[in-house]
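Asks: Mind having a look at this structure? Questions to follow.
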Amino acid sequence: MTIQHLKRSKPEAEKAEEDAKVRGVVENALADIEARGDAAVREMSQKFDNYAPESFRLSDGQIEALMSKVSTRDMEDIKFAQEQVRNFAQAQRDSMKDIEIETLPGVVLGHKNIPVQSVGCYVPAGKFPMVASAHMSVATATVAGVPRIVAATAPFQGEPNPAVIAAMHLGGAHEIYALGGIQAVGAMAIGTETIEPVHMLVGPGNAFVAEAKRQLYGRVGIDLFAGPTETMVIADETVDAEMCATDLIGQAEHGYNSPACLITNSEKLARDTMAECERLLGIIPTAETASASWRDYGDVILCDSYDEMLAVANDMAYEHVQVMTDRDDWFLENMHSYGALFLGPRTNVANGDKVIGTNHTLPTKKAGRYTGGLWVGKFLKTHSYQRVTTDEAAAMIGEYGSRLCMLEGFVGHAEQCNIRVRRYGGRNVPYGAAAEPVQAAE
């Protein structure tokens, strides 16, 4: 391969050092919540958000008052977006079937898809009020049938953002808290005097939220590791630099550490896109954050062939992958590690983020190698069950089980099988012995 990096992001060692600092902050904060509960949560909210109301949980009256501040047009747009998300989530749910089959005469096996019983949905709002994140987590959990949905969002400019609260309420949240950051996910997972802990945490967030979810994983389930937004554009000369740069810088505005990468086989497109990015950064209102992301986390990679472009993209396993080439379907067929694909110049990541219907909570930091994004199935647990309905089947399966348990040295396990052979097969198997085949006994 002949791969050239025309622009590189900061060294991995520097990124790792930043991650280590975040880990320490989060570890201390979660330990404080564990030890002091509501008092710790209140202090953190005051410190980070300058917000410490009598109760962080919003009352029905507060929710109604906040929703009344949302304009008619904004409310219609929120409802439209939620309808798209619900429709796709429902189609996904309908594809997941409970099954029951008879694998042998008298042996019945099955599985049931059961909703997680309580989830905590985090919706970022401290820097940008992420209205769409409420659709992705709360509305999708509702479609899954989760009986207790807790939603938390940071106060925005001194109060909960009305549009975010409206989206949470319309999405089906049963409890809504005006809490942000580590204190929100920590309180929902660990529990406090006033917040009952949940079984699972979902939703995107900054590096501190992502690290808190990582440290809490095991104590509760999580959807995935969804850290700072990553966007990749895979392009050839079928598109122009303005399109590529717009899609890169448009996602770089998420924060100061949002990776953005162009992979192309056209040096002209690569250099034109780099110049166009600089032009856009001179006029976009969110240039402060977008410029930092592009400077420190931007990559431009020039490849010789489409095969090289594919290999690099699969290795990097970015969250959002925008494909604009003369062979988009080829990339769809061959890409195996990513969060979500956006195929062709007519589509874009922003539509996926806000309205089109697919979920925007997606894997980052190469997690796309082993997981997809948040979807209705993440809120469902697939549990198996077994039933033996005849004496003959009980004795037959017991016989095999007995011998296989003794093969591993598990005498007590074997006796669980042997007692079935005795009771339902009418055969005398000595305690601690393996059941012999019926043919040998005869």
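The values are calculated or read from the model by the stated rules, or taken from the named source; none is laboratory data. Quantities reported herein were computed from a predicted structural model and do not represent experimental measurements. Because the Cβ atoms are built from the backbone with ideal geometry, glycine has one as well, and the counts that use them run over all protein chains shown. SASA here: full protein model, heavy atoms, side chains in, ligands and nucleic acids out. Shrake-Rupley method; radii C 1.70, N 1.55, O 1.52, S 1.80 Å.
Asks: What FRET efficiency would be calculated for the residue pair Ala311, Ala31, taking the C-beta separation as r and a Förster radius of 30 Å, to the nearest 0.05?
Replies: Efficiency computed from Cβ-Cβ geometry: 0.10.
Asks: Here is a further query. Okay, helix-only estimate at 222 nm for the chain: each DSSP H run of n ≥ 4 adds -39500 (n - 2.57), divide by all residues, round to 500 deg cm²/dmol; what do you get?
Replies: Taken over the chain, the calculation gives -14500 deg cm²/dmol.
Asks: Right, another one. Take every Cα pair under 8 Å in the chain that's 6+ residues apart, average their separations, divide by the length, and report that relative contact order as a whole percent.
Replies: Relative contact order, the chain: 18 percent.
Asks: While we're on this one: Given the Cα-Cα distance of Ala287 and Ile419 and 0.36 nm per residue of separation, how much length would full extension add, in nm?
Replies: So the extension gain works out to 40.2 nm.
Asks: Sticking with this one: May I ask you to give the percent of accessible area on the chain that is carbon plus sulfur, with a probe radius of 1.4 Å?
Replies: Answer for the chain is 52 percent, counting heavy atoms of protein chains only.
Asks: What number, in percent, do you get for the relative contact order of region 274-427 if the mean sequence gap of Cα pairs under 8 Å and at least 6 apart is divided by its residue count?
Replies: After rounding, I find 15 percent.
Asks: Please compute the length gained on full extension between Thr103 and Arg73, using 0.36 nm multiplied by the number of residues separating them and subtracting their Cα-Cα distance.
Replies: 5.2 nm
Asks: Estimate the FRET efficiency between Ala275 and Lys15 by the formula 1/(1 + (r/R0)^6), using the beta-carbon distance for r and 25 Å for R0, to the nearest 0.05.
Replies: Step by step, r from the Cβ atoms, then E = 0.45.
Asks: Mind putting together the pair-distance distribution for region 203-260? All Cα pairs, 5 Å bins, whole percent per bin, short to long.
Replies: Per 5 Å bin, starting at 0, the Cα pair percentages come out as 4, 19, 20, 16, 12, 11, 8, 5, 3, 1.
Asks: Roughly how tilted is helix 411-425, in degrees to the nearest 10 and between 0 and 90, from the longest Cα axis of the chain?
Replies: In the chain, helix 411-425 runs at an angle near 60 degrees to the longest axis.
Asks: I've got another one for you. With bins 10 Å wide starting at 0, give me the P(r) of region 59-129 over every alpha carbon pair, in whole percents.
Replies: Once binned at 10 Å, the Cα pair distances of region 59-129 give 13, 24, 30, 16, 9, 7, 1.
Asks: Heavy-atom accessible area per residue, the chain, 1.4 Å probe: how many Å²?
Replies: Per residue, the chain has an accessible area of 47 Å².
Asks: For the Cα atoms of the chain, what angle does the longest principal axis make with the long axis of helix 287-297, in degrees from 0 to 90, nearest 10?
Replies: With rounding to tens, the tilt is 60 degrees.
Asks: Next question. Let a ≥ b ≥ c be the square roots of the eigenvalues of the Cα gyration tensor of region 271-364; is it rounded (a/c under 1.5), or, if not, prolate (a/b larger than b/c) or oblate?
Replies: Oblate is the answer for region 271-364, as a/c is 1.5 or above yet b/c matches or exceeds a/b.
Asks: Test of understanding: what is the full-extension gain from Phe128 to Ala91, defined as 0.36 nm times their sequence separation minus their Cα-Cα distance?
Replies: Answer, rounded to one decimal: 10.3 nm.
Asks: Please express the shape of region 34-88 as an equivalent ellipsoid: the semi-axes are the square roots of 5 times the eigenvalues of the C-alpha gyration tensor, given largest first in whole angstrom.
Replies: The equivalent ellipsoid of region 34-88 has semi-axes of 32, 16, 11 Å.
Asks: Could you tell me how far the Cα centroid of region 351-424 sits from the Cα centroid of region 67-138, in Å?
Replies: Between the Cα centres of region 67-138 and region 351-424 lies a distance of 24 Å.
Asks: To the nearest 10 degrees, how steeply does helix 12-36 sit against the main Cα axis of the chain, on a 0 to 90 scale?
Replies: The answer is roughly 60 degrees.
Asks: What distance in nm separates the simple spin-label points at Asp38 and Glu237, each placed 7 Å from Cα in the Cβ direction?
Replies: For Asp38 paired with Glu237, the spin-label model returns 6.8 nm.
Asks: For region 359-423, what does the relative contact order come out to in percent, with C-alpha contacts under 8 Å and a separation of six or more?
Replies: 24
Asks: Next question. List every residue whose amide H lies under 5 Å from the amide H of Cys261, counting only residues 5 or more places away in sequence or on a different chain, with H placed 1.01 Å from N in the peptide plane.
Replies: Those qualifying (amide H under 5 Å, at least 5 residues apart or on another chain) are Thr231, Met232, Val233, Asp299.
Asks: Continuing with this model, one more query. What percentages make up the Cα-Cα pair-distance distribution of the chain when the bins are 20 Å wide from 0?
Replies: 23, 44, 24, 8, 0
Asks: Report D for region 53-208 in µm² per second (integer): Stokes-Einstein, Kirkwood Rh on Cα pairs, 25 °C, 0.890 mPa s.
Replies: Estimated via Stokes-Einstein, D reaches 148 µm²/s.
Asks: Mean projection of the alpha-carbon convex hull of region 1-82 over all orientations, in nm²?
Replies: If you wrap the Cα atoms of region 1-82 in a convex hull and average its projections, you get 11.8 nm².
Asks: For a quick check, take a GNM of the chain with Cα springs below 10 Å and name the residue from Gly110, Gly120, Gly203 with the largest mean-square fluctuation.
Replies: The residue with the greatest mean-square fluctuation here is Gly110.
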